[in-house]
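**Q** My questions will all concern the structure given below.
The values are calculated or read from the model by the stated rules, or taken from the named source; none is laboratory data. Since we're looking at a predicted model, the values are computed, not measured. Note that we place each Cβ from the backbone using ideal geometry, even for glycine, and neighbour counts take in every protein chain shown.
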Amino acid sequence: MILSRTVGAALVLATLLAVFVALRPLVPVDETRYLAVAWEMRLSGDWFHLTRNFEIYAHKPPLLFWAINLVWGITGVHEFPARLVGPAFGVSLAVAAAGLGRRLWTGDAGIGARAVTVLAGFTVFLIYASTTMFDAMLGLAAVLGAAVLWRIGQGGAGLRHWVAFGGALAFGTLAKGPVIFVHLLPVLLTMRLWAPVPPRLRDQLAGLGLAVAAGLAIVGLWLVPALVAGTAEFRRELLWTQSAARVAGGLAHDRPVWFFLALLPILLFPWGWSARLWRRIGECVRADPAARMLAIWAVSAVVLFSFISGKQTHYLLPEYPAVALLVARALPGLYGARAWRAAALVPFGAALAACAVAAGFVPAARDFAAAAPGWFLPVVAVGCLGLAVAVLLLPRPANAALAGAGMALAAHVFLATGGLTSQYDSAAIVARIDTARDRGIAVAAMTYSAEFNFGARLTAPVATPKTPAALRDWSVAHPGGLVLGPVGRVPVDVPPAETIRYNGLDLGLWPAGTVAVSVRE
């Protein structure tokens with residue numbers, strides 16, 4: 001019965017994530033780029049060296065792309081099965097968190113099902129766990145590593161446990177790189193603050209050395225052949241730019257030190273919006289070694305990432321299992337609807353915002369104003385108001401789970417039915433590319449991240465001329481080709497043959513022959 005409740009909660013989570021995938025297109029530039037990398041891996045048959053637009057891509061490890069290609073080996077090359085890989089790791093993360101909860105608190109029969117339910121109620125977790133990205137895989141590695149550390153902290157510091165911890169480090173490294181140490185190393189180094197039977201410091205350091213050696217041996221099965229056969233630029237990107245250089249700053253996603261602190265109300269919605277829950281979690285952390293371990297896991301990652309220059313919201317996805325377990329442990333006794341009545345403010349605020357836009361008090365964004373039908377905003381307002389009322393009336397923690405999952409679902413329905421989905425769907429552009437694929441495709445005046453390579457199933461690179469002279473030379477050499485680029489930025493004196501709105505840009509499409517005689521230098 002206990003396991004059936006956990007399985008039931010996991011099935012609900014899996015259904016939610018699958019629905020979210022079905023409701024939105026591939027989101028540029030991340031999801032489109034990663035499926036393009038997986039597609040090019042399938043074309044090349046090279047499982048050691050990644051490419052993007054058929055050029056070396058050393059920004060990420062290969063595990064996600066291996067998993068997608070294994071799925072394609074069963075289903076054939078289709079978009080939807082590939083997009084379920086990330087959510088599958090999200091569900092696996094939740095199930096692993098349930099197992100960790102049962103290990104931490106053997107006398108709490110319902111902790112596993114509650115932990116999965118809490119995860120399924122975090123709006124931010126649901127959104128990012130449904131994406132084709134690396135963080136759910138990394139989160140699963142973090143849960144597995146934390147489970148091994150708990151066993152070690154109970155006196156199980158045998159060689160096999162340290163090797164198992166090394167396996168978790170290797171899994172995380174193959175998923176997203178050395179960042180797995182940010183999530184797990186603080187838990188290991190603070191073992192004396194939470195472990196019932198911590199190993200001696202000397203044994204702990206020796207065990208860490210063994211774990212790192214075991215992890216390197218596993219990762220080396222990919223890394224050594226990749227480095228030996230790779231170029232110098234590939235080695236530099238893989239070993240330096242995407243790890244140490246990100247800490248120093250200057251790469252993409254640089255954020256201020258207070259970035260995560262400012263986002264905490266959103267990151268912790270809805271469960272973190274209860275003062276009563278916070279008090280109970282504080283009591284647990286003070287009295288319970290397991291809760292202290294989870295708190296260190298969650299808080300240390302926030303602190304460390306705050307001082308790392310490059311960071312994104314989804315970087316904290318691996319901490320959601322720790323927070324979910326803390327919430328699940330503190331939930332018994334918090335059964336009144338008032339515990340999370342503040343969470344009703346979010347759907348109520350969304351209803352007010354929809355009314356304000358519909359009444360013209362707040363101007364709609366350009367893409368939304370052009371796409372949304374007239375009936376849409378009043379329906380959104382009524383739906384969000386109904387959700388707010390349900391959150392206020394439902395008893396027990398169901399109202400919090402409803403608030404979080406309801407807002408995630410509402411956001412996806414908003415995108416799908418309000419016309420915004422079409423603004424991020426590459427289908428129209430892919431159809432135009434397909435007509436010119438054998439004569440050459442070029443993208444000018446913008447950074448091209450292989451957004452259309454998978455959708456068009458391209459087998460040759462898209463040209464990216466960087467200067468007007470290079471654009472003219474390419475167009476002369478490919479008179480039947482197609483040039484794409486943002487209207488107003490591509491240096492030509494003639495209007496595009498067609499304009500398609502995509503990812504916030506008006507992308508123009510020009511026949512290459514026209515561009516060849518109209519480039520403005």
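**Q** Assess whether L482 counts as being within 30 Å of the chain's Cα centre (by Cα) and at pLDDT 95 or above.
**A** No.
**Q** Please specify each residue of the stretch 243-283 satisfying the condition of being outside any helix (DSSP H, G or I), among the small types (G, A, S) and at pLDDT 85 or above. Before the answer, list the steps.
**A** Of the residues in the stretch 243-283, the ones outside any helix (DSSP H, G or I) are 243, 249-258, 268-270, 274.
In the following step, the residues that additionally are among the small types (G, A, S) were identified as 243, 249-250, 252, 274.
Passing the criteria: only S274.
**Q** Further question: Scan the stretch 289-342 for residues that are β-branched (V, I, T) and without any contact (Cβ under 8 Å) to a residue 40 or more places away in the chain and jot them down.
**A** Across the stretch 289-342, the qualifying residues are V299, V303.
**Q** Okay, moving on. Give the number of residues within the stretch 30-66 that are assigned to a helix (DSSP H, G or I), buried (at least 18 other Cβ atoms within 10 Å of the Cβ) and touching a residue at least 60 places away in the same chain (Cβ under 8 Å).
**A** 12
**Q** If you don't mind, another one. In the stretch 186-209, what count of residues is obtained for those that are surrounded by fewer than 16 Cβ atoms within 10 Å (Cβ to Cβ) and either under 31 Å from the mean Cα position of the chain (by Cα) or in a helix (DSSP H, G or I) (or both)?
**A** Number of matching residues: 9.
**Q** May I pose another question? Taking the stated definitions as given, is A436 surrounded by 16 or more Cβ atoms within 10 Å (Cβ to Cβ) and either assigned by TED's automatic domain parsing to the domain that holds V37 or closer than 26 Å to F80 by Cα (or both)? Give the derivation first.
**A** Details: surrounded by 16 or more Cβ atoms within 10 Å (Cβ to Cβ): yes; either assigned by TED's automatic domain parsing to the domain that holds V37 or closer than 26 Å to F80 by Cα (or both): yes.
Judged against the criteria, A436 is a match.
**Q** Hey, does the stretch 464-477 have a residue that's under 28 Å from the mean Cα position of the chain (by Cα), in contact (Cβ under 8 Å) with a residue 60 or more places away in the chain and part of a helix (DSSP H, G or I)?
**A** Within the stretch 464-477, none of the residues are under 28 Å from the mean Cα position of the chain (by Cα), in contact (Cβ under 8 Å) with a residue 60 or more places away in the chain and part of a helix (DSSP H, G or I).
**Q** A further question on this structure: Suppose the filter is of a type in the set (G, A, S), over 21 Å from E31 (Cα atoms) and either in contact with a His (Cβ under 8 Å, 6 or more places away or on another chain) or buried (at least 16 other Cβ atoms within 10 Å of the Cβ) (or both); does S422 pass it?
**A** On the way: of a type in the set (G, A, S): yes; over 21 Å from E31 (Cα atoms): no; either in contact with a His (Cβ under 8 Å, 6 or more places away or on another chain) or buried (at least 16 other Cβ atoms within 10 Å of the Cβ) (or both): yes.
Spelling it out, it is not the case that S422 is of a type in the set (G, A, S), over 21 Å from E31 (Cα atoms) and either in contact with a His (Cβ under 8 Å, 6 or more places away or on another chain) or buried (at least 16 other Cβ atoms within 10 Å of the Cβ) (or both).
**Q** From the list N399, N453, exactly one residue is touching a residue at least 24 places away in the same chain (Cβ under 8 Å) and assigned to a helix (DSSP H, G or I). Which is it?
**A** Result: N399 is the single residue among N399, N453 that is touching a residue at least 24 places away in the same chain (Cβ under 8 Å) and assigned to a helix (DSSP H, G or I).
**Q** Taking the conditions exactly as written (aliphatic (A, V, I, L, M), at positive phi and modelled with pLDDT under 95), does A390 satisfy them or not?
**A** no
**Q** Test each condition in (1) over 23 Å from the mean Cα position of the chain (by Cα); (2) more than 23 Å from G121 (Cα to Cα); (3) surrounded by 21 or more Cβ atoms within 10 Å (Cβ to Cβ) for T6 and report the one that comes out false.
**A** All conditions are met except number (2).
**Q** Between A369, A364, A301, which is in the same structural domain as G172 (by TED's automatic domain parsing) and either at pLDDT below 80 or not acidic (D, E) (or both)?
**A** The conditions single out A301.
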